[in-house]
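Since every read-out is calculated from the coordinates, none of them should be taken as a lab result. Here the structure is a predicted model, which means the values were calculated and not measured. Cβ: placed from backbone, ideal geometry, glycine included. Neighbour counts: every protein chain shown.
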Amino acid sequence: MDETDFTIRDSEEEDRARTRQVRWSVGWAEPPTHHRTWASVGAEAWVSHHYFREFVAEVNGVLAARVGLEAYCPPFAEISDLSVRPEYRRNGLGRILTQKCLDEAAKRDMAAVFLQTELDNRTAHHLYRSMDFFPTAQGKMLRMVRFVNYPLLAAFRQQYPLHQYRCVPVADVPRTWSMEWSDYVSQSSLHLQLAGGATKSESEGVAPALRAFDWRSAEAERGLAVTFEAEALRDIEPEHYVELTIRAKNQGKKAESGVFEMILPPGVRVSSPRTNQKKVFAWELAPGEELMQAVEVQIESDFDASTLWYLNYGSLPVSMETYWAGNRALLSVSLPMAVPPPQE
């Protein structure tokens, strides 16, 4: 298929019936439900809010493939239901549409892009792995993640070309997975802790979160472990306060220093007398030393939680980045909100 034979574009309102047919063509037994963002309002309204986009591949006037991208707020976006008509497969359309989602997520400053696929869909596994997606949580489905902008991981993989990857469940911590990269030669390593199951139901309706990292440079005898947690609350509403906790430990033989910086979505602010309402905190750790930094945030009174109604996960992401000695890593929590239906 020549490049001139197809067009990649945004789905339009009049495409909806045809994009459903594309999804049915790949094996849906029943007509799939609409993504919740396709409400009874014009598609342009949702595009302008950057919550959900649908991209299609049109071949000589035929809608041959489609994919959805949900990108409400950093750090994560989610790809949904990549579907290619059987007669148009092996032409690279799935790869092109997936790359389109990655490009759009990068434009919106997303750190990572998630998707889920069937455990036995080897064709999809080959595609996503060739595009640098990593397998993570496993249940009825398989969750995979592609890091779009994660400097600590990118630097580790660049420095250690013989790194190996594996993902294992964290012992005694439900729905939590350790993503592990280790260097074959030096035994340097990087662990990221991912919270959340393989599907929405297995995640109890809470979006994925990167809650911890453990970085070790064996040859430099350096190491830093950081966790980012939120108190266990559900049905959070506007005007509620939530306490977050940052913990760090210097596991190396050299002193480390840097900063923590809060990355807050619109409608959330730091509100704590103990931290003097700061978003940035400097830190220093001697070898073996630990610290704990509490941060209290408030959901502002005018925050419109009903916007989350249209998303796969009715939760609000809050992130924290830490910088030290040329390194940069992001962690996140996902706050389960009380989500009223929007006023139609």
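For Leu291, the shell of other residues with beta-carbons less than 10 Å away shows a net charge of -1, using +1 for Lys and Arg and -1 for Asp and Glu. Around Asp302, what is the net charge, scoring Lys/Arg as +1 and Asp/Glu as -1 over all other residues with Cβ under 14 Å from its Cβ? Net of charged neighbours comes to -3.
Rounded, prolate or oblate: which one fits the stretch 150-336, using the alpha carbon gyration tensor with axes a ≥ b ≥ c (rounded when a/c is under 1.5, else prolate when a/b beats b/c, else oblate)? Cα axes put the stretch 150-336 in the oblate bin. Packing-based ranking of 132-145, 173-186 yields 132-145, 173-186, ordered from highest to lowest mean Cβ neighbour count within 10 Å.
Does anything in the stretch 239-260 have its amide N under 14 Å from the 7 Å Cα→Cβ label point of Glu229, and if so which residues? The answer is 243-249, whose backbone nitrogens lie closer than 14 Å to the label point.
Centroid-to-centroid, using Cα positions, the stretch 114-162 and the stretch 167-211 are 12 Å apart.
Assuming R0 = 30 Å, can you tell me the calculated FRET efficiency for the pair Glu237 and Lys278, based on Cβ-Cβ distance, to the nearest 0.05? Calculated value: 0.75. Working from label points 7 Å from Cα in the Cα-to-Cβ sense, the Glu87 to Thr123 distance is 1.5 nm. Comparing Cα centroids, the stretch 298-344 and the stretch 277-296 end up 22 angstrom apart. For the pair Leu291 and Gln99 in one chain, pulling the backbone fully straight at 0.36 nm per residue adds 65.1 nm over the alpha carbon distance. Enumerate by residue number the GluC sites (Glu not before Pro) in the stretch 189-264 meeting two conditions: DSSP loop (anything except H, G, I, E, B), and at most 15 other Cβ atoms within 10 Å of the site's Cβ. Qualifying residues, ordered by number: Glu204, Glu219, Glu221, Glu231, Glu239.
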